[in-house]
1. I'd like to check something: does the range 24-35 contain any residue that is more than 27 Å from L218 (Cβ to Cβ) and either surrounded by fewer than 19 Cβ atoms within 10 Å (Cβ to Cβ) or touching a residue at least 40 places away in the same chain (Cβ under 8 Å) (or both)?
2. Determine whether the range 203-215 contains at least one residue that is among the aromatic types (F, W, Y), over 25 Å from V107 (Cβ atoms) and over 14 Å from the mean Cα position of the chain (by Cα).
3. Looking only at the range 166-218, how many residues end up being within 15 Å of D8 (Cα to Cα) and in contact (Cβ under 8 Å) with a residue 60 or more places away in the chain?
4. Hey, does the range 132-144 have a residue that's at pLDDT 95 or above, surrounded by 18 or more Cβ atoms within 10 Å (Cβ to Cβ) and farther than 23 Å from L87 by Cα?
5. Specify which of the listed residues (A205, A175) is in contact with an Asp or Glu (Cβ under 6 Å, 6 or more places away or on another chain) and more than 29 Å from R94 (Cα to Cα).
6. Just to be sure before I move on: is A30 within 18 Å of L5 (Cα to Cα), within 14 Å of the chain's Cα centre (by Cα) and of a type outside the set (F, W, Y) in the structure I sent?
7. Go through the range 60-92 residue by residue and tally those that are touching a strand residue (DSSP E or B) at 6+ places or on another chain (Cβ under 8 Å) and surrounded by fewer than 20 Cβ atoms within 10 Å (Cβ to Cβ).
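The values are calculated or read from the model by the stated rules, or taken from the named source; none is laboratory data. Please read these numbers as outputs of a predicted model, since none were measured by experiment. Positions of Cβ are generated from backbone atoms using ideal geometry, with glycine treated the same way; all protein chains shown enter the neighbour counts.
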Amino acid sequence: MESTLSIDVKICGISTPEALLTAAEGGARAVGFVFYPPSPRALTPDIAGNLARMLPTGMRAVGLFVDASDDLIASVTTRVPLDMLQLHGNETPRRVAEIRGRFHTPVMKVIRVATGADLVPLADFEVVADWILFDAKPPPHLTSLPGGTGIAFDWQLLQRVKVAKPWMLSGGLNAGNLAEAVSLTGAKMVDVSSGVEDRPGVKSAERIRDFLDVAVKL
């Protein structure tokens with residue numbers, strides 16, 4: 001479907017047909033399926049495959065992996081039609097290049113940000129990744145959850161860097177702060193998960209619609 005949004009929106013952690021259809025009807029350009037067992041949003045490849053095949057034409061399916069082995073990625077990609085692989089762990093630039101080369105699928109590397117120093121690796125990842133996603137670095141007590149924590153970072157940090165590749169903004173976004181986040185960063189695509197949930201792993205159709213309604217006005 002053709003999006004009517006001024007910015008592109010990815011809804012991550014989709015796990016039900018209802019959430020997927022709400023995202024599609026609201027104009028989201030992509031959805032994310034999580035393949036990381038500790039996450040409350042984790043899916044089996046079979047469930048994700050069924051959901052991915054429901055996507056309307058032009059809407060992208062992104063698979064989220066955290067320090068995954070080739071075997072795990074292969075077990076997913078053979079059953080789920082993914083348009084992009086999102087690497088949300090401690091993957092090195094070399095590992096990103098390996099995954100991109102082996103699976104012949106665009107790769108998005110997540111850079112987790114708390115301070116300006118966390119942006120130093122950006123230059124190395126831009127060489128090997130197709131997309132960059134800036135997310136908040138979780139505090140130590142949430143180390144098992146690399147994303148979807150509802151935590152934001154200082155968006156003004158992105159005003160000091162030039163990003164050579166397409167990029168997304170994530171981390172603590174919701175309908176209430178989306179406009180400010182986009183204004184401060186100039187983001188053209190955003191990624192939301194916990195900000196459209198009633199509780200971890202349970203998407204809210206109302207919150208998805210509210211978020212996309214804000215995006216229409218930006």
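1. Taking the range 24-35 and keeping what is more than 27 Å from L218 (Cβ to Cβ), we get 35.
Applying the additional criterion that residues be either surrounded by fewer than 19 Cβ atoms within 10 Å (Cβ to Cβ) or touching a residue at least 40 places away in the same chain (Cβ under 8 Å) (or both) yields 35.
Checked the range 24-35: at least one residue is more than 27 Å from L218 (Cβ to Cβ) and either surrounded by fewer than 19 Cβ atoms within 10 Å (Cβ to Cβ) or touching a residue at least 40 places away in the same chain (Cβ under 8 Å) (or both).
2. Residues of the range 203-215 that are among the aromatic types (F, W, Y), as a first pass: 211.
Checking the rest, the ones that are also over 25 Å from V107 (Cβ atoms) come to 211.
Applying the additional criterion that residues be over 14 Å from the mean Cα position of the chain (by Cα) yields 211.
Taking every residue of the range 203-215 in turn, at least one turns out to be among the aromatic types (F, W, Y), over 25 Å from V107 (Cβ atoms) and over 14 Å from the mean Cα position of the chain (by Cα).
3. 19
4. no
5. Working: A205 fails: in contact with an Asp or Glu (Cβ under 6 Å, 6 or more places away or on another chain).
After ruling out the rest, the residue left standing is A175.
6. Working: within 18 Å of L5 (Cα to Cα): yes; within 14 Å of the chain's Cα centre (by Cα): yes; of a type outside the set (F, W, Y): yes.
Spelling it out, A30 is indeed within 18 Å of L5 (Cα to Cα), within 14 Å of the chain's Cα centre (by Cα) and of a type outside the set (F, W, Y).
7. Summing the residues that are touching a strand residue (DSSP E or B) at 6+ places or on another chain (Cβ under 8 Å) and surrounded by fewer than 20 Cβ atoms within 10 Å (Cβ to Cβ) in the range 60-92 gives 7.
To keep it simple, each residue is scored yes or no on (1) surrounded by 15 or more Cβ atoms within 10 Å (Cβ to Cβ); (2) of a type in the set (A, V, I, L, M); (3) outside any helix (DSSP H, G or I).
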| site | (1), (2), (3) |
| --- | --- |
| G171 | yes, no, yes |
| N174 | yes, no, yes |
| E180 | no, no, no |
| S183 | no, no, no |
| A187 | yes, yes, yes |
| E206 | no, no, no |
| R209 | yes, no, no |
| D213 | no, no, no |
